[in-house]
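**Student:** I'd like to ask some things about the structure below.
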Amino acid sequence: MSLQVNDRMLFPGGRRKAFTLSYDDGITQDRRLVELFNRYGVKGTFNLNSGLFGKVGVVAAGKKEVSHIKITADEAAELYRGHEVAAHGQYHACMAGMDAARCVEEILPSRRALEAMTGRPVTGYAYAFGAYDETVLSALTACGITYARTITSTHKFDIPQNFLIWDPTCHHDDEKIFDLAEEFLSDRLYFNLLTPAKLFYVWGHSYEFDQCENWDHMEKFIGMVAGHEDVWYATNGEIREYVEAFRRLVFSADSRTVYNPSAVPVWIGGTFTPESVEVKPGKTAELVPPIDM
């Protein structure tokens with residue numbers, strides 16, 4: 001027997017599902033990808049190299065050679081409107097093994113340039129080549145970065161404990177992606193001790209659709225996961241901000257009330273009840289009554 005306190009994090013509106021995307025390099029193929037996202041009403045985070053705007057090149061990486069042309073800063077400011085811009089390093093350098101000074105030189109100028117371009121703080125990052133070490137983590141923190149994405153697939157829907165090591169669910173070409181989408185969209189209980197809410201996080205590079213000639217694959221996937229009332233479609237930064245607001249909640253010792261010191265409304269509930277409660281910014285709320293089990 002146990003008493004289940006309904007103090008678990010849910011997403012805005014009491015939803016139990018959230019979907020986010022992350023795409024790297026800031027290349028011309030993003031034009032088609034952004035149009036796809038906008039058409040289906042999903043949100044993405046686009047990770048840019050501020051020192052490479054406008055650079056023209058090609059990429060193969062063991063596959064078909066395709067163009068790899070960086071968009072300009074002027075275009076980026078408009079193209080990604082409604083989505084999120086995050087950093088991918090000034091020059092796409094592999095920072096693992098670098099000293100702290102060189103890491104800062106790769107991170108901070110990129111952050112400054114992207115903030116000047118977007119007119120808003122940029123606190124997200126995607127590791128070039130997925131590479132990082134403890135020095136990199138410390139440098140990111142010193143430079144004001146609050147989250148950073150790896151390239152390690154979890155095939156799960158968990159919230160990261162450390163947002164500077166944010167492992168995605170999968171890459172868009174993962175052979176399990178449609179099975180994962182089906183599981184994500186289902187109402188089957190997702191058992192996690194921290195929260196019953198599911199986060200589906202997909203990443204990639206838009207040039208890969210040209211390499212694999214599978215833009216239809218991405219449209220099929222987006223069409224499958226988009227348009228569901230019980231899913232929160234958010235950028236990486238919006239999700240981190242929301243989770244951090246939840247983590248700042250102050251619960252009473254008897255688990256009956258909760259205070260929200262942040263400026264973000266937060267919804268909480270339980271694994272075994274459909275009920276939820278909104279904790280408004282600066283307010284105290286009563287929790288959903290606990291359940292005997």
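Throughout, read-outs are computed from the coordinates displayed, never taken from laboratory work. Computed from a prediction, not measured in an experiment: that's the story for all the values here. Glycine gets a Cβ as well: all are built from the backbone with ideal geometry, and neighbour counts include every protein chain shown.
**Student:** Which pairs break 21 Å Cα to Cα here: 43/283; 176/220; 43/220? Before the final figure, lay out the partial values.
**Tutor:** Working: 43/283 29 Å; 176/220 14 Å; 43/220 16 Å.
Long pairs (Cα-Cα over 21 Å): 43/283.
**Student:** Right, another one. Stretch residue 250-residue 155 to full length: gain in nm at 0.36 nm per residue minus the Cα-Cα span? Please report the intermediate quantities before stating the final value.
**Tutor:** Details: separation 95, 0.36 × 95 = 34.20 nm, distance 3.17 nm.
31.0 nm is the gain from fully extending residue 250 to residue 155.
**Student:** Okay, moving on. Give the order of 9, 218 when sorted by the count of other beta carbons within 10 angstrom, beginning with the fewest.
**Tutor:** Details: 9 20, 218 23.
Final ranking by Cβ density, sparse to dense: 9, 218.
**Student:** Another question about this same structure. Counting pairwise Cα distances across the chain, what percent come out greater than 36 angstrom? Mind showing how you got there, number by number?
**Tutor:** On the way: 8036 of 42778 pairs.
Here the long-distance tail beyond 36 Å is 19 percent of all Cα pairs in the chain.
**Student:** If only Cα atoms are counted, what is the Rg of segment 96-230, and what is its Dmax, in Å?
**Tutor:** 17.2, 48
**Student:** Test of understanding: extend the Cα→C-beta vector of residue 188 to 7 Å, then name every residue of segment 14-54 with backbone N under 20 Å from that spot.
**Tutor:** 16-19
**Student:** So, one more: At what distance in angstrom do the alpha carbon centres of segment 150-195 and segment 1-65 lie from each other?
**Tutor:** 13 Å
**Student:** How far apart, in nm, are the 7 Å Cα→Cβ label points at residue 133 and residue 72?
**Tutor:** That separation, rounded to one decimal, is 4.0 nm.
**Student:** For residue 22, which sequence-distant residues (separation of 5 or more, or a different chain) have an amide H within less than 5 Å of its own amide H, given hydrogens modelled in the peptide plane?
**Tutor:** Distant-sequence amide H within range of residue 22: 45, 202, 203, 204.
**Student:** So, one more: Determine the gain in length on full extension of the stretch residue 63-residue 35; use 0.36 nm per residue of separation and subtract their C-alpha separation, reporting nm with one decimal.
**Tutor:** Numbers: separation 28, 0.36 × 28 = 10.08 nm, distance 2.50 nm.
Length gained between residue 63 and residue 35: 7.6 nm.
**Student:** Under a 5 Å amide H to amide H cut-off, with H placed in plane at 1.01 Å, what residues pair with residue 85 once short-range neighbours are removed?
**Tutor:** Correct list: 46.
**Student:** Residue by residue through segment 33-40, which ³J(HN,Hα) values in whole Hz follow from phi under the Karplus form 6.51 cos²θ - 1.76 cosθ + 1.60 (θ = phi - 60°), with glycine and proline marked x?
**Tutor:** 3J(HN,Hα) across segment 33-40, in whole Hz: 5, 4, 4, 5, 4, 5, 5, 9.
**Student:** Under the rule of at least 5 residues apart or a separate chain, name every residue whose amide H is placed under 5 Å from the amide H of residue 17.
**Tutor:** Amide H to amide H, under 5 Å and 5 or more residues apart or across chains, residue 17 pairs with 11, 198, 232.
**Student:** In sequence order, what are the phi-derived ³J(HN,Hα) couplings for segment 168-184 according to the Karplus relation 6.51 cos²θ - 1.76 cosθ + 1.60 with θ = phi - 60°, rounded to whole Hz, with x for glycine and proline?
**Tutor:** Running phi through 6.51 cos²θ - 1.76 cosθ + 1.60 with θ = phi - 60° gives x, 5, 5, 7, 5, 9, 4, 5, 9, 4, 6, 5, 5, 4, 5, 5, 4 Hz.
**Student:** Provide the per-residue ³J(HN,Hα) series for segment 72-84, in order, calculated from phi with Karplus coefficients 6.51, -1.76, 1.60 and θ = phi - 60°, each as a whole number of Hz, with x at glycine and proline positions.
**Tutor:** Karplus-based 3J(HN,Hα) across segment 72-84 equals 7, 4, 4, 5, 4, 4, 8, 4, 8, 4, x, 10, 10 Hz.
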